[in-house]
Amino acid sequence: PGQMRAVIGTDRWRYTLFQRNIQMPTISKVVLHPDWNTRTAKHDIAMVKVSKPIQFNSRIQPICLPPLDQNPAPGSEATIAGYGFTTENVIARLPTNLKYAKIPIIGNDTCVNTYKKSKIEITDKMICAGSALDGYCVGALKGDSGSALITYNDEGQAIHTGIVSFALTPCHITAAPDVY
């Protein structure tokens, strides 16, 4: 952990050392979920502890955590943000700036049925989101793993609702939503 740093306060991942007003505290601890399973992707979450407090300002703000056991309603809108590829063609370059897309939340029943064919279990601790219409996919892609799925409450506060975990690829063939 001591060799890793968090980069906070920028929407660009290249040339971070030359950017002004960013914070780069070292990571002092990584905590994996005790039930993380690499084979099933259950409990696909970890937390990092930074070596010093983060200073909030106009570019750095906290995000709310969701209420326990309350998933967003199917059909509601969410935002995925990440630095992954913007096309399933991985020959393309990764973007320099943070990208985002608005995507629908997919009901768990629909998601379970979609993944059943591939024998991948979707649990009630997972959230599905994204869309595939006419061979065009909107959602997380390669390189977005660990990125945030964000929803907004009635007061307009951002809620860190999920974390990109996995998806069936290629999306334009499987039409499977992403799993968070």
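With respect to L133, determine if the residue is open to solvent by 50 Å² or more (accessible area, probe 1.4 Å), of a type in the set (A, V, I, L, M, F, W, C) and either under 15 Å from I105 (Cα atoms) or in contact (Cβ under 8 Å) with a residue 40 or more places away in the chain (or both). For L133, the condition - open to solvent by 50 Å² or more (accessible area, probe 1.4 Å), of a type in the set (A, V, I, L, M, F, W, C) and either under 15 Å from I105 (Cα atoms) or in contact (Cβ under 8 Å) with a residue 40 or more places away in the chain (or both) - is met. Might you let me know whether the stretch 137-157 holds any residue that is basic (K, R) and at pLDDT 85 or above? Within the stretch 137-157, not a single residue is basic (K, R) and at pLDDT 85 or above. Selection of the stretch 158-168 for residues being of a type in the set (A, V, I, L, M), farther than 15 Å from E77 by Cβ and modelled with pLDDT of 90 or more yields I163, V164. Applying the condition of being in a strand (DSSP E or B) and in contact with a Lys or Arg (Cβ under 7 Å, 6 or more places away or on another chain) to the stretch 1-27 and asking which residue is least open to solvent (accessible area, probe 1.4 Å) yields I27. Out of curiosity, is G107 open to solvent by less than 50 Å² (accessible area, probe 1.4 Å), small (G, A, S) and either more than 30 Å from R59 (Cβ to Cβ) or in contact (Cβ under 8 Å) with a residue 12 or more places away in the chain (or both)? Yes. Scanning the stretch 28-52 for residues that are open to solvent by 100 Å² or more (accessible area, probe 1.4 Å), part of a loop (DSSP other than H, G, I, E, B) and either of a type outside the set (K, R) or in contact with a Leu (Cβ under 7 Å, 6 or more places away or on another chain) (or both) returns P34, T38.
Taking the conditions exactly as written (in contact with a Gly (Cβ under 9 Å, 6 or more places away or on another chain) and without any contact (Cβ under 8 Å) to a residue 60 or more places away in the chain), does I60 satisfy them or not? It is true that I60 is in contact with a Gly (Cβ under 9 Å, 6 or more places away or on another chain) and without any contact (Cβ under 8 Å) to a residue 60 or more places away in the chain.
Being surrounded by 16 or more Cβ atoms within 10 Å (Cβ to Cβ), more than 14 Å from Y100 (Cβ to Cβ), touching a strand residue (DSSP E or B) at 6+ places or on another chain (Cβ under 9 Å) and of a type in the set (S, T, N, Q) is the requirement here; does T151 meet it? Judged against the criteria, T151 is not a match.
Return yes when T87 is among the hydroxyl-bearing types (S, T, Y), open to solvent by 100 Å² or more (accessible area, probe 1.4 Å) and out of contact with any Lys or Arg (no Cβ under 8 Å at 6 or more places or on another chain) and no when it is not. The answer is no for T87. Hey, can you tell me all the residues within the stretch 95-118 that are among the charged types (D, E, K, R) and farther than 13 Å from L168 by Cβ? Hits for the stretch 95-118 are K99, K102, D109.
The values are calculated or read from the model by the stated rules, or taken from the named source; none is laboratory data. Note that the coordinates shown come from a computational prediction; the quantities given were computed from them, not determined experimentally. All Cβ positions, glycine included, derive from the backbone under ideal geometry; neighbour counts span all protein chains shown. Each accessible area value is taken on the protein alone, full model and side chains, heavy atoms only, with ligands, DNA and RNA left out. Shrake-Rupley method; radii C 1.70, N 1.55, O 1.52, S 1.80 Å.
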